[in-house]
Number of protein chains: 2
Amino acid sequence: MKKITIGEAARRSGVKVPTVRYYESIGLLAAPSRSEGNQRSFEPADISRLAFIRHARELGFEIEAIRTLLTLQDDPNQSCASADAIAKARLVEVEQRIRSLMALKAELEMMVESCGHGRVDQCRVIEVLADHGQCTHSHH
Amino acid sequence: MKKITIGEAARRSGVKVPTVRYYESIGLLAAPSRSEGNQRSFEPADISRLAFIRHARELGFEIEAIRTLLTLQDDPNQSCASADAIAKARLVEVEQRIRSLMALKAELEMMVESCGHGRVDQCRVIEVLADHGQCTHSHH
DNA sequence: TCTTGCACCTCTAGTCGCTAGAGGATGTAG
DNA sequence: CTACATCCTCTAGCGACTAGAGGTGCAAGA
């Protein structure tokens, strides 16, 4: 029966105070009960839910995906096929993003290495940006 | 003296029409001259500039960084130290992002592989999200 | 010449996931 | 009783666009 304030909930879950209120406002977290003075009073279950959301956000899941995952969690008799599909889709996204960033890294390294540190008109950084044909990787 | 319409400029530079107007509105691209009927009329130099911006955006440079790079390009007597610093900073960011995404990838793979495709109450995907302590990597 | 239809114009508002700030109420320690 | 931190609601802002409304320009076919 000890009341958990929003600050305490934020500290324990690792979600910032305004973000907790934001999650409540978009219906990701049920509105908690209030104290006499209208201050939010959270339950331990709310802390778990916030930690779940935070971890999912750190993994890059979008809010709508998290909403679905939370619905699944609330109803544990369901098949986990949806959760699996969401995680798989996210994995594909992450792999794609890594591939793309590796290409960018290569291009940036080339730019930086070949910069003679002279004047701009001899600078490869500027030059490569100005003429995509000069760079080794092609997008799409 | 052939006039380049905004559609043509978009097609040639690979930047979308509304985005061209947006770049003009934030001063990244000088306002072009207009036809009698008030339609934008671009020069070939504008196409190059748009292509430069597009390429830099693909490399993940922020608009303000691109603004600096464009200023450097416009003034080729300057030292390219600034351009070099911007590219180097971006390289560090990209490397950091790749490291972080690799960790996420590992965690997602573990989640997906250990999903037994049964009911949600046996689902690792949900479980791992609910309890960060179970996962192999730690953030921060 | 007329008309069809696409491309263009401006302007406002929406996207996502927060974050910052104003202006005020509450709760607690000394 | 007085500080002072923490809480409340509300609105607006961030970056980098994107979408839509409501209207105008322009080139080509009938």
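The values are calculated or read from the model by the stated rules, or taken from the named source; none is laboratory data. Everything quoted here is computed from the prediction, not taken from an experiment. Every residue, glycine as well, gets a Cβ built from its backbone with ideal geometry; the counts of neighbours run over all protein chains shown. Note: accessible area is taken over every heavy atom of the protein model, side chains too, but ligands, DNA and RNA are not part of it. Shrake-Rupley method; radii C 1.70, N 1.55, O 1.52, S 1.80 Å.
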(1) more than 24 Å from A:LYS16 (Cβ to Cβ); (2) more than 10 Å from chain B (Cβ to nearest Cβ) all hold for A:ILE47 apart from (1)
Contact list, first residue from segment A:12-35 and over 20 Å from A:ALA65 (Cα atoms), second anywhere and assigned to a loop (DSSP other than H, G, I, E, B) and more than 8 Å from DNA strand D (Cβ to nearest atom), beta-carbon distance below 8 Å, six or more apart or interchain, is A:PRO32/A:GLU43; A:SER35/A:LYS3
Checked against (1) within 15 Å of A:VAL15 (Cβ to Cβ); (2) more than 12 Å from the chain's Cα centre (by Cα), A:GLU58 satisfies every condition except (2)
Quick one: is A:PHE61 within 9 Å of chain B (Cβ to nearest Cβ) and out of contact with any Leu (no Cβ under 6 Å at 6 or more places or on another chain)? yes
With criteria (1) surrounded by fewer than 17 Cβ atoms within 10 Å (Cβ to Cβ); (2) part of a helix (DSSP H, G or I); (3) not assigned by TED's automatic domain parsing to the domain that holds A:ILE98, A:GLY60 comes up short on (2)
Mind checking whether some residue in segment B:27-35 is within 11 Å of DNA strand D (Cβ to nearest atom) and farther than 23 Å from B:ILE86 by Cα? yes
Those residues of segment A:1-13 that are touching a helix residue (DSSP H, G or I) at 6+ places or on another chain (Cβ under 7 Å) and surrounded by fewer than 16 Cβ atoms within 10 Å (Cβ to Cβ) come to a total of 1
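Which of the residues spanning segment B:36-48 are within 24 Å of B:THR68 (Cα to Cα) and open to solvent by 30 Å² or more (accessible area, probe 1.4 Å)?
At the first step, the residues of segment B:36-48 found to be within 24 Å of B:THR68 (Cα to Cα) are B:42-48.
Residues satisfying the conditions are B:GLU43, B:PRO44, B:ALA45, B:SER48.
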_Some residue of segment A:65-81 being of a type in the set (A, V, I, L, M, F, W, C), more than 14 Å from chain B (Cβ to nearest Cβ) and in contact (Cβ under 8 Å) with a residue 12 or more places away in the chain_ = no
Residue match in segment B:21-34 (condition: at pLDDT 95 or above, surrounded by 14 or more Cβ atoms within 10 Å (Cβ to Cβ), of a type in the set (Gly, Ala, Ser) and touching a strand residue (DSSP E or B) at 6+ places or on another chain (Cβ under 6 Å)):
no
